[in-house]
Amino acid sequence: MTNPQSNLDELMKDPKAAGLLKNRALLQDLIHSDDTQKLMQMLSQNAGDGLKSAAASAAKGDTGALMGLVRQVIQRKEGAQLVQKIQQAVPQTQKD
């Protein structure tokens with residue numbers, strides 16, 4: 001079983017992810033945004049109870065199931081548009 005802290009360490013190696021994780025206000029805004037909520041609703045509708053299981057596995061280092069669910073959602077036009085809007089909400093360069 002993978003240590004959740006090691007997953008965070010791996011995530012922090014990505015400059016964009018690290019910058020986002022360090023900017024709590026932006027992260028909170030993204031989490032609570034209408035677009036993120038719509039995306040989560042689409043994921044829930046597609047996966048049902050499987051979303052919680054996939055998220056739990058991802059937290060332990062196995063992202064396969066969660067990525068599969070995301071791929072299913074972004075194959076739909078609405079899902080792809082939501083992901084694009086969320087990506088655009090994240091500044092391209094993060095500064096400490």
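The values are calculated or read from the model by the stated rules, or taken from the named source; none is laboratory data. Please read all numbers here as calculations on a predicted model, not as lab measurements. Neighbour counts are summed over all protein chains in view; Cβ atoms, including those assigned to glycine, are modelled from backbone coordinates with ideal geometry. Remember, those area values only see protein heavy atoms, side chains included, never the ligands or the DNA or RNA. Shrake-Rupley method; radii C 1.70, N 1.55, O 1.52, S 1.80 Å.
Note on the stretch 32-89: enclosed helices (runs of 4 or more DSSP H) holding 3 or more residues that are open to solvent by 70 Å² or more (accessible area, probe 1.4 Å) and over 19 Å from Ala17 (Cβ atoms) are 34-47, 77-89.
When residues in the stretch 18-31 are screened for being more than 15 Å from Ile86 (Cβ to Cβ) and either loosely packed, with under 14 Cβ neighbours inside 10 Å or free of Cβ contacts under 8 Å to residues at least 40 places away in the same chain (or both), 4 of them pass.
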